[in-house]
Every structure is written in C-alpha cells, then in structure tokens.
Amino acid sequence: MKDPLVSVYIPTHNRAHLIERAIQSVLNQTYSNIEIIVVDDASSDKTPHILKKLSEKNQCISFFSLGKPKGACAARNLAISKAKGKFITGLDDDDLFLPHRIADFLDEYNERYSFICSSRLIKTASGTMQSLPGTSVITFQDIKNNNYVGNQIFIERSRITKNLLYSEEMPAWQDYDLWFRLIKAYGPALKINNHSYEVDLTASNNRISQSSNAYKGFKLFIERHKSELTDSEIKKHTVNDLYNRHVKLSIANSLRYAHSIYAVKKLASLYILTRWPKLHQRIVDCA
C-alpha cells in the first residue's frame, strides 16, 4: 500500500501549556498521511478548549473526552479504538516527535518484526542528551531482562487487539507490560537508531516512573509475568524499580540488592543520584 494512513494517539490530562506543542510536532512530520487522535482524560484546565480549536483548524485532528479521569491507559485504549490507520503509534503530551520519525518508521518497517521502536533524545534541566542505541533486535529474552523499547512503538493496528491493549488496572509499568506481551505474541521487535523522539524530563513535568504509583505498577508487572521471569530477572527489575523511584538507600541496604555487576553499577548510580543529583547529572551528561 502506497502512503498508508498512520494514526497517532495522544492521551492528555491538564497539560494545556504543552499539548499544542506535542500536536504541532506531529503536524511537522515530513510524512503527511497522518491522523491525530487526542483523548482528554477529564482535564480541569483549558485543555478541552485548546483541543476544540485545533481540531476545527485541522481536519486530521480529532479529540475525545473521558467523563471522569481514568488514567493514561484508558485514554490510549479509547484513542486506539477510534484509529483508522494501517499503522499506529503514540506520543505523550509532554514529549515531541522529530520531523523524520514516521517517515523513518515506514522506510524501516518489516512485518517479520512485531513492531518498531527507536532511540530517543532526553531533555533534562541541564540540556539534551541522546539515549544509547542498545540492541537493534529485541527478543523475548531481551524484553524479559529490561525495557529496551522505551515508551512508544510503531505497529500495525491490526496487531493491537482486545487482549493486547494497555492494562488499565496498572498505575505504572503499563508500556513495558504491553511490549512484553506483544513480543511474546508476535516475535522480536526492531529498534532503529535515529533519535526521533524527545522525552522531556525537565523539572516542570512529573513522570509516572517517579510517582507514588510506580511501586504498585512494578509489583503488578512481576505478579503478571512471574511464571516467565527467572529469579535473577526479578531481582534486576527490583533494582530498576528502586532506581526509577529514586529510593535513598544506605550502603548496607544497597548491598542487600547487589546480586550482580549490573545491580552494583545501578545501585552506585542511585546512591550518587539521591545524594548529589548535580554530580549524577554531570556523570550522565559525560557518559
């Protein structure tokens, strides 16, 4: 199919100061056959007004509203149900697409892979850095060990089915949970190194990985997939959870989790992060 329609879903909640920026980054794509589906998770700010104006101005934008706040996963699932594209991909309301993102995905797409994802740019208070390329092919064994995918994918819409949607009962780790299930169902994913997605980690935006719900999401993820995870993989995810939540551990408590070289390095980074965040940021910037 020449120039297939690509659906882009964006969940949003009380981000009136950011949502137009996110939508504009999709409108700025070099590939033009796109529909944008925004679902407002019952915002109490000016978000609905902004979405109404944008949809009236551009026919490729449609928006829907939830009657009460149900969370990002419910918003994503509603958007997916409204999508018409052959392909579908997502964007968080505080992040950005670079102009070449969708064109690159279409150029690289191969149906032998369950989906495609990409490396990212990460915007912090001290500047922008590139995420490491990581592995190019992400197998089920890879995804069991770590979320090498990130927070967004590009996939054939027909592969997102009733049993392969975001889990609305999970308050965190929802992306990882879905990637885990998709790779299990359809086989390895492909990661391209084009840095086409900008994650905004500036101080003004609170990410769910650092929220009070993060631990609950971690526990649910382990419970759902424990039959397929080894003890060492569960221990690795435990360390990742501690790091994601910026848990301040003493050296003695850190040693309780230091079961591998990976854990030792991650815990050492966590120790610095929770005591000397500026030093930690300088180390990350120089890595």
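The values are calculated or read from the model by the stated rules, or taken from the named source; none is laboratory data. Predicted, not measured: the structure shown is a model, and the values here were computed from it. Cβ atoms come from the backbone with ideal geometry, glycine included; neighbour counts cover every protein chain shown.
What about Ser81, is it in the same structural domain as Ile61 (by TED's automatic domain parsing), among the polar types (S, T, N, Q) and free of Cβ contacts under 8 Å to residues at least 24 places away in the same chain? So Ser81 fits the description; yes. Report yes if some residue within segment 129-137 is modelled with pLDDT of 95 or more and at negative phi; otherwise report no. Yes: one or more hits. Taking segment 7-84 as the region of interest, the helices (runs of 4 or more DSSP H) fully inside it that hold 2 or more residues being closer than 24 Å to Glu168 by Cβ and in contact with a Pro (Cβ under 8 Å, 6 or more places away or on another chain) are 72-82.
Just wondering, is there one or more residues in segment 126-140 that are assigned to a helix (DSSP H, G or I) and either surrounded by 15 or more Cβ atoms within 10 Å (Cβ to Cβ) or of a type in the set (Phe, Trp, Tyr) (or both)? Break it down stepwise before answering.
Pass one, segment 126-140, residues assigned to a helix (DSSP H, G or I): 140.
Now drop any that are not either surrounded by 15 or more Cβ atoms within 10 Å (Cβ to Cβ) or of a type in the set (Phe, Trp, Tyr) (or both), which leaves 140.
Yes: segment 126-140 contains one or more residues that are assigned to a helix (DSSP H, G or I) and either surrounded by 15 or more Cβ atoms within 10 Å (Cβ to Cβ) or of a type in the set (Phe, Trp, Tyr) (or both).
Look through segment 154-173, keep the residues that are of a type in the set (S, T, N, Q) and at pLDDT 95 or above, and return whichever of them is farthest from the chain's Cα centre (by Cα).
So, considering only residues that are of a type in the set (S, T, N, Q) and at pLDDT 95 or above, the one farthest from the chain's Cα centre (by Cα) is Ser158.
The set of residues in segment 250-270 being more than 14 Å from Ile234 (Cα to Cα), of a type in the set (A, V, I, L, M, F, W, C) and touching a Phe, Trp or Tyr at 6+ places or on another chain (Cβ under 7 Å) consists of Leu267, Leu270. Please work out which one of (1) buried (at least 18 other Cβ atoms within 10 Å of the Cβ); (2) modelled with pLDDT of 95 or more; (3) in a helix (DSSP H, G or I) is the condition Ser196 fails and give its number. It is condition (3) that Ser196 fails. Total residues in segment 222-273 satisfying the condition of being touching a residue at least 12 places away in the same chain (Cβ under 8 Å), within 28 Å of Arg181 (Cβ to Cβ) and assigned to a helix (DSSP H, G or I): the figure is 21.
Can you name every residue in segment 92-106 that is in contact with a helix residue (DSSP H, G or I) (Cβ under 6 Å, 6 or more places away or on another chain) and either surrounded by fewer than 19 Cβ atoms within 10 Å (Cβ to Cβ) or not in a strand (DSSP E or B) (or both)? Once the filter is applied, which keeps residues that are in contact with a helix residue (DSSP H, G or I) (Cβ under 6 Å, 6 or more places away or on another chain) and either surrounded by fewer than 19 Cβ atoms within 10 Å (Cβ to Cβ) or not in a strand (DSSP E or B) (or both), segment 92-106 yields only Asp93. Among residues of segment 153-180 being out of contact with any helix residue (DSSP H, G or I) (no Cβ under 8 Å at 6 or more places or on another chain) and buried (at least 20 other Cβ atoms within 10 Å of the Cβ), the one that is nearest to Lys226 (Cα to Cα) is Leu178.
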